[in-house]
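Peer 1: Have a look at this one.
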Amino acid sequence: MSEYRYYIKKIFQPAPNQVIIEAGDKVGRPVFKYQPGQYAMISYRNRRGQLEDKHAFSLASSPANSQSIIFGIKIEGAFTRGLLDLQVGDELRVFGPYGNFCYQANKYPDAVMIAGGIGITPFFSALNYAHDLKLSNKLALIYSARTRLGATFYPEIRNLQANNPNLKTLFSFTEESGAVEANIINTRIGAEQIKNFIGDINGKTFFICGPSLFMAAIVANLLKLGVPRAQIKMEEFSMIPDKSWSARLKNISYALAFSVLVGAIIFFSFIYEPKSKASKNNYDANQLAAINSATYERMITIYDRKNKALADLNQQILAATNKAATNATSAGNPVGTPAAAPVYRPATVYTPAPVYTPPKTSPVPTTGVSRAR
Ligand SMILES: Cc1cc2nc3c(=O)[nH]c(=O)nc-3n(C[C@H](O)[C@H](O)[C@H](O)COP(=O)(O)OP(=O)(O)OC[C@H]3O[C@@H](n4cnc5c(N)ncnc54)[C@H](O)[C@@H]3O)c2cc1C
């Protein structure tokens, strides 16, 4: 893998979510050799002075231009946003070239290129190359974007077409209405649009680049039209991991930091576990105390009821005894004074129930009691 330290010659935003960067050698040496359709990995120093991990971008420039390479970049995440901080004269680290999605002029005399959004970049390189070398190859470009403002390199492609009789184009701007220029449609690209635009499919090679869903839909349409699978070439802008040692070390340090964090969480939860268990036990003890107290109250209530029943019984026995004694006295057979009846008091604490004890000196005649009942 070769690394090149280029400097930025031009950087501008043709639309809010795009940036075009042109870079080259500081002292004018030719840039590295590549083929139309290949890509490079780039890196730069961010605001904090740290080197960003490398990201892949197609070389949008013509390989015939030995002084500069050009990237057309859609701004999405942190890496691409960070590119907006760069200025003319800043360093751009470039690694490559990579990839097999190449437009080889001698191999593909009749090519159809179908681009979705920022997927135009490898084709822009091929169109420029064909223009620079004044190739007689047949080229057809179908380019789909939401609007023409969002279609990267749209004005430049119009210029190329004006200067290349072998290039024909069809633009699909799906969020615009009312075609005001030739070769513009506002519908999605289906089998019918492809067929109407290119006519005979025989002998043509199809190149597709864009979002995954877009590419899947185009492939399905081409197969429907009878294009052999071998005649379809694709490039997906999927994430390519930075495999350099600096990136690997960075990932390892992130993984280590993450492990330390997880370890710390496990450790502290272990430390605090006894406390939480203790509070759980406290709770259980409180709950138990509440249950005990409720049970105790209930036992006292039951005991009270029993006590009261016994006291009532004592009262009845006492009343019967008194009555029998009165009867005996009036019959000339006196008995001793009966003991005072125990009085029922509701128990708030456990106290044994009062028990009736008959007086020893005045036995109650059985007959009297039974008569009283
Ligand atoms: C061969 C090739 C050529 C490419 N050519 C171009 C080009 O010419 N112009 C252009 O604008 N883009 C191109 N891309 C896509 C470009 O590499 C990514 O879109 C870009 O690096 C994302 O950086 P970011 O700062 O927007 O997102 P980041 O902030 O770096 O990433 C945000 C999140 O999205 C994920 N992610 C980032 N990029 C991708 C992706 N491509 N697919 C799936 N998940 C992703 C990351 O894992 C991360 O989780 C190309 C990709 C490949 C593989």
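Peer 1: Checking the condition part of a helix (DSSP H, G or I) and not assigned by TED's automatic domain parsing to the domain that holds Gln231, which residue from Leu84, Leu92 passes?
Peer 2: Working: Leu92 fails: part of a helix (DSSP H, G or I).
Leu84 is the lone residue from the list that is part of a helix (DSSP H, G or I) and not assigned by TED's automatic domain parsing to the domain that holds Gln231.
Peer 1: Let me ask something additional. If a residue has to be under 30 Å from the mean Cα position of the chain (by Cα) and free of Cβ contacts under 8 Å to residues at least 12 places away in the same chain to count, how many in region 17-48 make the cut?
Peer 2: 1
Peer 1: Any residue in region 99-119 that is away from the ligand (no atom under 14 Å from the Cβ) and closer than 23 Å to Phe12 by Cα?
Peer 2: Scanning region 99-119, I find no residue that is away from the ligand (no atom under 14 Å from the Cβ) and closer than 23 Å to Phe12 by Cα, so the answer is no.
Peer 1: Could you list, in sequence order, the residues of region 29-65 that are away from the ligand (no atom under 13 Å from the Cβ), small (Gly, Ala, Ser) and crowded, with 21+ Cβ neighbours inside 10 Å?
Peer 2: If the condition is that a residue be away from the ligand (no atom under 13 Å from the Cβ), small (Gly, Ala, Ser) and crowded, with 21+ Cβ neighbours inside 10 Å, then Ser62 is the only one that fits.
Peer 1: Which residues, counting only those in region 197-218, are in a loop (DSSP other than H, G, I, E, B) and aliphatic (A, V, I, L, M)?
Peer 2: Looking only at region 197-218, we keep the residues that are in a loop (DSSP other than H, G, I, E, B), and these are 199-204, 211.
Listed by number, the list holds a single entry, Ile201.
Peer 1: When you scan region 66-81, do you find a residue that is of a type outside the set (Phe, Trp, Tyr), more than 14 Å from the ligand (Cβ to nearest atom), open to solvent by 50 Å² or more (accessible area, probe 1.4 Å) and out of contact with any Cys (no Cβ under 9 Å at 6 or more places or on another chain), even just one? Steps first, please.
Peer 2: Taking region 66-81 and keeping what is of a type outside the set (Phe, Trp, Tyr), we get 66-70, 72-78, 80-81.
Retained after the next criterion (residues that are more than 14 Å from the ligand (Cβ to nearest atom)): 66-68.
Pick out the ones that are also open to solvent by 50 Å² or more (accessible area, probe 1.4 Å) and you get 66-67.
Filter once more, so that each one left must be out of contact with any Cys (no Cβ under 9 Å at 6 or more places or on another chain): 66-67.
Yes - at least one qualifying residue is present in region 66-81.
Peer 1: How many residues are over 33 Å from the mean Cα position of the chain (by Cα) and within 16 Å of the ligand (Cβ to nearest atom) when one looks only at region 206-232?
Peer 2: Looking only at that region, the number is 1.
Peer 1: Quick check: is even one residue across region 87-95 within 14 Å of the ligand (Cβ to nearest atom) and not aliphatic (A, V, I, L, M)?
Peer 2: Within region 87-95, one or more residues are within 14 Å of the ligand (Cβ to nearest atom) and not aliphatic (A, V, I, L, M).
Peer 1: Here is a follow-up. Can you tell me which residues in region 118-139 are open to solvent by 10 Å² or more (accessible area, probe 1.4 Å) and farther than 18 Å from Ala56 by Cα? Lay out the reasoning, then the answer.
Peer 2: Here is the first cut: in region 118-139, the ones open to solvent by 10 Å² or more (accessible area, probe 1.4 Å) are 118, 124, 128-129, 131-138.
Matches in region 118-139: Asn128, Tyr129, His131, Asp132, Leu133, Lys134, Leu135, Ser136, Asn137, Lys138.
Peer 1: One residue is enough: does region 180-196 have a residue meeting the conditions within 25 Å of Gln35 (Cβ to Cβ) and in a strand (DSSP E or B)? Step through it out loud before you land on a result.
Peer 2: Kept after step one, since they are within 25 Å of Gln35 (Cβ to Cβ), are these residues of region 180-196: none.
Checked region 180-196: no residue is within 25 Å of Gln35 (Cβ to Cβ) and in a strand (DSSP E or B).
The values are calculated or read from the model by the stated rules, or taken from the named source; none is laboratory data. Small disclaimer: the values here were computed from a predicted structure and weren't measured. In this analysis, Cβ positions are derived from the backbone assuming ideal geometry, glycine residues included, and neighbour counts consider all displayed protein chains. Quick note on the areas: whole protein, heavy atoms, side chains included, nothing else; ligands and nucleic acids left out. Shrake-Rupley method; radii C 1.70, N 1.55, O 1.52, S 1.80 Å.
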